[in-house]
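Peer 1: Take a look at this one; I'll ask things after.
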Amino acid sequence: VNFTMVTCTRAERTVLRHLLELYSYDFSEIDGRDLDAHGEYGYRYLHEYFGVPERVAYLFVVDGAWAGFALIQLGPPVDVAEFFVMRKYRRRGVGTMAVAELFERHRGKWRVRQLTANPRATDFWRRAITVPYTESSDGHEVAQEFEVL
Ligand SMILES: CC(C)(COP(=O)(O)OP(=O)(O)OC[C@H]1O[C@@H](n2cnc3c(N)ncnc32)[C@H](O)[C@@H]1OP(=O)(O)O)[C@@H](O)C(=O)NCCC(=O)NCCS
């Protein structure tokens, strides 16, 4: 797998918007969301990733094709707002490589969260976090906290 991660600039805003639609469609199995009147899910915070310095969007590229994204809120702690790998690229280590790349770029205290209703995401993060972490749950979300040195 030839994986690269690029910062999503305004020039790729439409790419991110479209990938967010695919992510939301996937997630609709969990959160039950429906399309709006325009036939879109939409993403309320999209604009913040092109103007608010604390928010950074990354796009994943596998063998030259768009393969997913990460939306990050810089901390401390660094917080992963959304994380997505397209279906055809899953279970090939793409998500793990993306997390490793994120840890390279953003050191310090981190926190990641998953909905309790999305246990496979928790399976993933437990594998992808390569440093010691503490885990907690409030019943709605599971969270891992750790430090990337
Ligand atoms: C969760 C997600 C990002 C994983 O991406 P991925 O590229 O498939 O992950 P990797 O291939 O790096 O997986 C690494 C390990 O995580 C675990 N894992 C990943 N997906 C899993 C699944 N569906 N079920 C169980 N374990 C899983 C496995 O241990 C896996 O290793 P293995 O394939 O050798 O068994 C991807 O499935 C996805 O985008 N899902 C929909 C969106 C989502 O839930 N995002 C997370 C929100 S917190």
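This table checks each residue for (1) under 25 Å from Phe3 (Cα atoms); (2) modelled with pLDDT under 95; (3) of a type outside the set (Phe, Trp, Tyr).
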residue	(1), (2), (3)
Gly42	no, no, yes
Tyr58	yes, no, no
Ala67	yes, no, yes
Pro76	no, yes, yes
Val99	yes, no, yes
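Peer 1: Within the range 86-106, is there a residue that is farther than 26 Å from Glu12 by Cβ and not in a strand (DSSP E or B)?
Peer 2: no
Peer 1: Criterion first (on the phi > 0 side of the Ramachandran plot and either within 16 Å of the chain's Cα centre (by Cα) or surrounded by fewer than 18 Cβ atoms within 10 Å (Cβ to Cβ) (or both)) does Gly75 satisfy it?
Peer 2: Working: on the phi > 0 side of the Ramachandran plot: no; either within 16 Å of the chain's Cα centre (by Cα) or surrounded by fewer than 18 Cβ atoms within 10 Å (Cβ to Cβ) (or both): yes.
In short, no.
Peer 1: Might you check whether a residue that is closer than 30 Å to Gly139 by Cβ and either assigned to a strand (DSSP E or B) or under 13 Å from the mean Cα position of the chain (by Cα) (or both) occurs anywhere in the range 25-39?
Peer 2: yes
Peer 1: If you don't mind, another one. Could you tell me which numbered condition Asp63 fails, if it satisfies all but one of (1) in contact with a Lys or Arg (Cβ under 6 Å, 6 or more places away or on another chain); (2) exposed (fewer than 12 other Cβ atoms within 10 Å of the Cβ); (3) not small (Gly, Ala, Ser)?
Peer 2: Looking at each condition in turn, Asp63 falls short on (1).
Peer 1: From the list Val94, Val78, Val99, Val112, which one is within 18 Å of Trp125 (Cβ to Cβ), within 15 Å of the ligand (Cβ to nearest atom) and in contact with a His (Cβ under 9 Å, 6 or more places away or on another chain)?
Peer 2: Val78
Peer 1: So, of the residues in the range 47-75 that are assigned to a helix (DSSP H, G or I) and in contact (Cβ under 8 Å) with a residue 24 or more places away in the chain, which turns out to be farthest from the ligand (Cβ to nearest atom)?
Peer 2: Within the range 47-75, the match that is farthest from the ligand (Cβ to nearest atom) is Phe50.
The values are calculated or read from the model by the stated rules, or taken from the named source; none is laboratory data. The shown structure was predicted, so the numbers you read here are calculated from the model rather than taken from an experiment. In this analysis, Cβ positions are derived from the backbone assuming ideal geometry, glycine residues included, and neighbour counts consider all displayed protein chains.
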